[in-house]
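Report on the following structure.
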Amino acid sequence: MNDQTIRDVLNKTKRIALVGASDRADRPSYGVMKFLLDQGYEVIPVSPKLAGQQLLGQTAYAALADIPGKVDMVDVFRNAEAAWGVAQEAIAIGADTLWLQLGVINEQAAVLAQDAGMTVIMDRCPKIEIPRLGLLQSTH
C-alpha cells in the first residue's frame, strides 16, 4: 500500500464506521476513535454491545447495515477471521474503503473488497498514518 493511496483515502474520507468500537478507554479502538474525532472525521461506533448508547458523543450501532446515510470508510478493529464478514457488510453498504487495523490481516477479505471496487488498506492504523503523512489537523 503506497503512501499516496493512504493520503488520498484519508483526505477524501469524511464518515468512518469503526467496527469493534469499545467503551473502554484502555482499548486501542477507543483511542483511535477519539483521535479521528479530534481530526474532524465523523466516526460512527459499531458494536452490538454498545448499540443505541453514546460513545464519545456518537451514537453506536449494532451493525454497518443499521447506519443511516453513506459511510466512506469501514475501520476494522476485529480479529482477522472476522474481517471477511465485515468486508461483506462494507460492500453491502457501498463503503469506499475497507481499512484493516494493525495486525488484522485477511487476504481473502482484501481481495473480496477490491473486487467490489473498494480501496483496501491492511495492517495499518490511521492514528499512525495521519501524523506520519503530515495530515494532522490542528485541534483548536
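The values are calculated or read from the model by the stated rules, or taken from the named source; none is laboratory data. No experiment lies behind these values; they were computed from the predicted model shown. Please note: Cβ atoms are built from the backbone with ideal geometry, for glycine as well, and neighbour counts cover all protein chains shown. Ligands, DNA and RNA are stripped out before the accessible areas are found, and what is left, the full protein with its side chains, is counted by its heavy atoms. Shrake-Rupley method; radii C 1.70, N 1.55, O 1.52, S 1.80 Å.
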Quick check: at a probe of 1.4 Å, how many percent of the accessible area of the stretch 1-88 sits on carbon and sulfur atoms?
49
For the chain, set up a GNM with springs between Cα atoms under 10 Å and report which of 13, 97, 119 has the largest fluctuation.
13
Helix-only [θ]222 nm of the chain, DSSP H runs n ≥ 4, -39500 (n - 2.57) each, per residue, nearest 500
-10500 deg cm²/dmol
Over the chain, what is the mean sequence separation of C-alpha contacts under 8 Å (at least six apart), divided by residue count, expressed as relative contact order in percent?
23
Rounded to the nearest 0.05, what FRET efficiency is calculated for residue 111 and residue 24 with R0 set to 35 Å and r the Cβ-Cβ distance?
0.60
Note on the stretch 1-81: alpha-carbon gyration tensor, axes a ≥ b ≥ c; rule is a/c under 1.5 for rounded, else prolate if a/b larger than b/c, else oblate; result prolate
Checking 43, 74, 104 against a Gaussian network model of the chain (alpha-carbon springs below 10 Å), the top fluctuating residue turns out to be 104
Expressed as a whole-number percentage, the relative contact order of the stretch 58-140 with C-alpha contacts under 8 angstrom and at least six residues apart is 26
Counting sequence-distant residues (5 or more places) and residues on other chains, those with an amide H built under 5 Å from that of residue 56 are none
Spin-label point model (7 Å from Cα, Cβ direction): what's the residue 136 to residue 66 distance in nm?
3.5
Once amide H atoms are placed 1.01 Å from N in the peptide plane, what residues at a sequence separation of 5 or more from residue 104, or on another chain, have their amide H within under 5 Å of its amide H?
123
With springs only between Cα atoms under 10 Å, which of 124, 27, 78 fluctuates most in a Gaussian network model of the chain?
27
Taking the solvent-accessible surface of protein heavy atoms with a 1.4 Å probe, what is the per residue accessible area of the chain in Å²?
49
What does the accessible area of residue 77 come to, in Å² to the nearest 10, when a probe of 1.4 Å is used?
40
Can you tell me what share of the DSSP beta bridges in the chain is antiparallel? A percent to the nearest 5 is fine.
10
In order through the stretch 6-23: 3J(HN,Hα) via Karplus (6.51 cos²θ - 1.76 cosθ + 1.60), integer Hz, x for Gly, Pro:
4, 4, 4, 4, 5, 6, 8, 6, 10, 10, 10, 8, 9, 8, x, 4, 10, 8
